[in-house]
1. Any idea of the accessible area per residue across the chain, 1.4 Å probe, to the nearest Å²?
2. How large is ³J(HN,Hα), in whole Hz, for each residue of region 4-20 in order, when computed from phi with the Karplus curve 6.51 cos²θ - 1.76 cosθ + 1.60 and θ = phi - 60°, using x for Gly and Pro?
3. So what J values fall out for region 106-118 if you push phi through Karplus, 6.51 cos²θ - 1.76 cosθ + 1.60 with θ = phi - 60°, rounded to Hz, Gly and Pro as x?
4. Who wins for biggest fluctuation among Pro91, Pro108, Pro49 in a Gaussian network model of the chain, springs between alpha carbons below 10 Å?
5. How large, in percent, is the carbon and sulfur part of the accessible surface of the chain at a probe radius of 1.4 Å?
6. Taking a spot 7 Å from the Cα of Ser71 along the direction of its beta carbon, which residues of region 27-65 have an amide N less than 12 Å from it?
7. For helix 172-197, what angle does its Cα long axis make with the longest principal axis of the chain, in degrees from 0 to 90 and rounded to 10?
8. Across region 37-53, in residue order, what do the Karplus-derived ³J(HN,Hα) couplings come to in whole Hz, using 6.51 cos²θ - 1.76 cosθ + 1.60 with θ = phi - 60° and x for Gly and Pro?
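The values are calculated or read from the model by the stated rules, or taken from the named source; none is laboratory data. Just so we're clear, the structure is a prediction, and the values are computed from it rather than from any experiment. Note that each Cβ is placed from the backbone with ideal geometry, even for glycine, and that neighbours are counted across all protein chains shown. These accessible areas exclude ligands, DNA and RNA; they are computed on the full protein's heavy atoms, side chains included. Shrake-Rupley method; radii C 1.70, N 1.55, O 1.52, S 1.80 Å.
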Amino acid sequence: MTHPLVTAIEARKMNRLQYRAYMEDVYAYAQHSSQVIGLAGVRLVGTHPLLAQYLLHHAVEELGHDKWAASDLRDLGFTDAQLAASRPSTPCLRMIGLEYFYAQHANPVGLFDWMFVLESLGGAVGGQIARAIDEALNLNGKGTYFLSGHGEADTHHAEDLFRVISAGVTSPADREVFTRMAREGQDLYTQILDHAYAAAPLIH
């Protein structure tokens, strides 16, 4: 919440190019969320059935969220051609790669902390941030569907995640990978915010 981009949003000084840059990254990683969550769930079926059940259910819930982000980008002026040509920033690409690494190759329990960070953030401040962006950019209720939608849903998701993590992430190895993914995921998400913040100078 102390990141310069977030403080700019709260001060109603974020500009449209910064928000477009952020939403391009959201659109990029949202296209992979269901896949990485589902992959991790399949790998945990035999060893962590409680965690696997949660992930497989949540993978279905995440379907179509990339379309929410695409709708917001269209409201911000993107054409279908621009959406098709959109690419993630370097930190966003690294985050997507990190998700697939844990989901497919390393201990998939690590994916839970990436999910918990984003779900907790969305539930805590998603709606507040969406309203501030709407006011800063005069969007008249358009262009913030992804953020506002997650602000409503992620509070319950974060509570469910906390319960499942508390019951299912118990071994030293699982706790270690969970903690490491926390550091890596938060660092990369901060870099995504850095990228968006640098997209254009602030409007004063």
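1. Dividing the accessible area of the chain by its residue count gives 48 Å².
2. Once θ is set to phi - 60°, the couplings for region 4-20 become x, 5, 5, 5, 5, 4, 5, 7, 6, 10, 5, 10, 5, 5, 5, 5, 4 Hz.
3. Each residue of region 106-118 in turn: 8, 6, x, 4, x, 5, 5, 6, 4, 5, 5, 4, 5 Hz.
4. Checking each option, the largest mean-square fluctuation is seen for Pro49.
5. Details: 5580 of 9830 Å².
The nonpolar share, carbon plus sulfur, comes to 57 percent.
6. 64-65
7. Rounded to the nearest ten degrees, it is 10.
8. 5, x, 4, 4, x, 4, 6, 9, 4, x, 10, 9, x, 5, 5, 4, 4
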